[in-house]
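Notes follow the structure.
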Ligand SMILES: [Zn+2]
Ligand SMILES: [Zn+2]
């Protein structure tokens, strides 16, 4: 043989030995104990070709079927204005349509929304408020993304759930040599190779524990399946650059799943989708890394004299409770019970039983021997049972903080000094129209031009002496269509750091809006602090394309505009 051939042979041999040494163990198939009902299993947070995924809905469903899943929750990027597909079974897999919304402080997975009559977007607190008003569930997506701009950045907003693990962000934060190892072993053991990239997401789990101490918060392991890795960057999932169609959907679905023990599917898509979504909303689910071992069966309950509680439930303790964890984990696994995020008891194998008199937020983790990561990723993560010392305080109506003084700026008669501003291809008109017992202001608007032009129509109210004597704006508002409008404070001179705004929801029902100046945020993300109220010279009511598509037109009525303190 020539020298070149020898080198080729040696390289191939080294590659083969390398793959063999680095090969992750094969996923173990677990027995199904007769005493425990197998849960309904599925994947949440899945992209299709409708946004930046590589498969059609049908192809993705087929892949989920091959991976043994019962349901998938599709979350293509959008603003909520697309009519969600009705739930449907494809290839034996229940397909539930939902949406992933980009907000100012991170991506939000919104479940259970109808078609929204205006675009969801803008400040995270507003999008979450909108999702709640429409009875949806708001889940903070990939909170620990490797890309800072995709991380969740506003934990003051009360979300209903968070992704304690997100496959897509886990895989993107690995160093290059790990990727090289991945390419060596992926052809042989695909889900196992993907799982080998996981670590314990310690910061996100700690964040989740802290949130659950304040209020119930659901934790899910999200697939974030796109079935592609962009080759030109570490990857904003939402771009259209050259990408490798790896890992495939089926492999992602074989790596992770969420399981719902409390639901039985009947084959009727609408009812089944409702049952799955309700269980997720209640927090009656656990996550597992099936590429280590699966399918996982888990039962976790707390029982006292007054009854018992399952995952996601509150229970007011009056006497000691018996907590029982049962699963099909083998003896080599370790099951841990955590209270308020701290381990309080652990046992070898799949069963743990303990009696507790301590109220707290209890959840379960099961550790697989030799699980990947430093520290190792938990194999099974339950949702909490909330053992309470006393019933949760019912959200009492906080006493309205009534202003001591209100100065009327518009009530009846001409709108002296008010004027319209708009981009060149948008149109606005202001009229004084009759109302009950007087007049009110009517703004007619049409947003024209492309999104890039930043179309807007604004109605400006002069406040020549500034706002130093006031802390809020109060007005009645009615709109010809549901949408959000911005109330903006503007100071003359440079635009940098001189404009502050707050968005409010408006629709056909007249309502009184109160906008507090200390609750407004700067237009520019770089500005901090508070608006200098003495410098403000006008208040604007703005329609723009954060919550409206270019091309929309409508009417907005304003009355009883007052400044208060
Ligand atoms: Zn995202
Ligand atoms: Zn996503």
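The values are calculated or read from the model by the stated rules, or taken from the named source; none is laboratory data. Given the structure is predicted, the values throughout are model-derived calculations rather than measurements. Note that we place each Cβ from the backbone using ideal geometry, even for glycine, and neighbour counts take in every protein chain shown.
Figures for the structure shown
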read-out	value
Checklist (1) surrounded by 13 or more Cβ atoms within 10 Å (Cβ to Cβ); (2) under 20 Å from residue 418 (Cβ atoms) applied to residue 464, failing item	(1)
Residue 129 modelled with pLDDT of 95 or more, within 15 Å of ligand 1 (Cβ to nearest atom) and under 21 Å from residue 546 (Cα atoms)	no
Long-range neighbours under 7 Å by Cβ, at least six apart or interchain, first residue touching a residue at least 40 places away in the same chain (Cβ under 8 Å) and on the phi > 0 side of the Ramachandran plot within the stretch 281-294, second crowded, with 24+ Cβ neighbours inside 10 Å and assigned to a helix (DSSP H, G or I)	none
Residue 324 in contact with a strand residue (DSSP E or B) (Cβ under 6 Å, 6 or more places away or on another chain), under 13 Å from residue 367 (Cα atoms) and not in a helix (DSSP H, G or I)	no
Restricting the stretch 85-100 to residues that are assigned to a strand (DSSP E or B) and touching a helix residue (DSSP H, G or I) at 6+ places or on another chain (Cβ under 6 Å), the residue that is nearest to residue 148 (Cα to Cα)	96
Residue count, the stretch 91-126 (criterion: surrounded by fewer than 18 Cβ atoms within 10 Å (Cβ to Cβ) and either within 30 Å of residue 265 (Cα to Cα) or more than 16 Å from ligand 1 (Cβ to nearest atom) (or both))	5
Filter result (free of Cβ contacts under 8 Å to residues at least 60 places away in the same chain, away from ligand 1 (no atom under 16 Å from the Cβ) and surrounded by fewer than 19 Cβ atoms within 10 Å (Cβ to Cβ)) within the stretch 25-65	34, 49, 56, 58, 62, 65
Test: residue in the stretch 65-84 that is within 15 Å of residue 295 (Cα to Cα) and either in a strand (DSSP E or B) or within 16 Å of ligand 2 (Cβ to nearest atom) (or both)	yes
Check on residue 528, surrounded by fewer than 15 Cβ atoms within 10 Å (Cβ to Cβ), at negative phi and part of a strand (DSSP E or B)	no
Residues that are on the phi > 0 side of the Ramachandran plot and without any contact (Cβ under 8 Å) to a residue 24 or more places away in the chain, drawn from the stretch 295-347	307
Unmet criterion (only one of (1) part of a loop (DSSP other than H, G, I, E, B); (2) more than 30 Å from residue 336 (Cα to Cα)) for residue 444	(1)
Subset of the stretch 214-244 that is modelled with pLDDT of 65 or more and surrounded by fewer than 15 Cβ atoms within 10 Å (Cβ to Cβ) - its residue that is nearest to residue 257 (Cα to Cα)	215
Filter pass, residue 492 being surrounded by fewer than 20 Cβ atoms within 10 Å (Cβ to Cβ) and in contact (Cβ under 8 Å) with a residue 40 or more places away in the chain	yes
Residue that is buried (at least 23 other Cβ atoms within 10 Å of the Cβ), in a strand (DSSP E or B) and touching a strand residue (DSSP E or B) at 6+ places or on another chain (Cβ under 6 Å), where the choices are 364, 355	364
Evaluation of residue 411 against (1) more than 30 Å from residue 548 (Cβ to Cβ); (2) surrounded by fewer than 17 Cβ atoms within 10 Å (Cβ to Cβ) (one fails), failing number	(1)
Test set (1) assigned to a loop (DSSP other than H, G, I, E, B); (2) over 29 Å from the mean Cα position of the chain (by Cα) - residue 459 fails condition number	(1)
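Here's the yes/no breakdown for (1) more than 14 Å from ligand 2 (Cβ to nearest atom); (2) modelled with pLDDT under 85; (3) buried (at least 22 other Cβ atoms within 10 Å of the Cβ):
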| site | (1), (2), (3) |
| --- | --- |
| 133 | yes, no, no |
| 137 | yes, no, no |
| 142 | no, no, yes |
| 147 | no, yes, no |
| 153 | yes, no, no |
| 157 | yes, no, no |
| 163 | no, no, yes |
| 168 | no, yes, yes |
| 175 | yes, yes, no |
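Residue-by-condition table, conditions (1) within 16 Å of ligand 2 (Cβ to nearest atom); (2) over 26 Å from residue 247 (Cα atoms); (3) at pLDDT below 95:
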{"residue": "16", "(1), (2), (3)": "no, no, yes"}
{"residue": "33", "(1), (2), (3)": "no, yes, yes"}
{"residue": "37", "(1), (2), (3)": "no, yes, yes"}
{"residue": "41", "(1), (2), (3)": "no, no, no"}
{"residue": "52", "(1), (2), (3)": "yes, no, yes"}
{"residue": "86", "(1), (2), (3)": "no, yes, no"}
{"residue": "97", "(1), (2), (3)": "yes, no, no"}
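Let's see how each residue does on (1) surrounded by fewer than 17 Cβ atoms within 10 Å (Cβ to Cβ); (2) in contact with a helix residue (DSSP H, G or I) (Cβ under 6 Å, 6 or more places away or on another chain):
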| residue | (1), (2) |
| --- | --- |
| 264 | yes, no |
| 274 | yes, no |
| 280 | no, no |
| 294 | no, no |
| 299 | no, no |
| 312 | no, yes |
| 315 | no, no |
| 331 | yes, no |
| 336 | no, no |
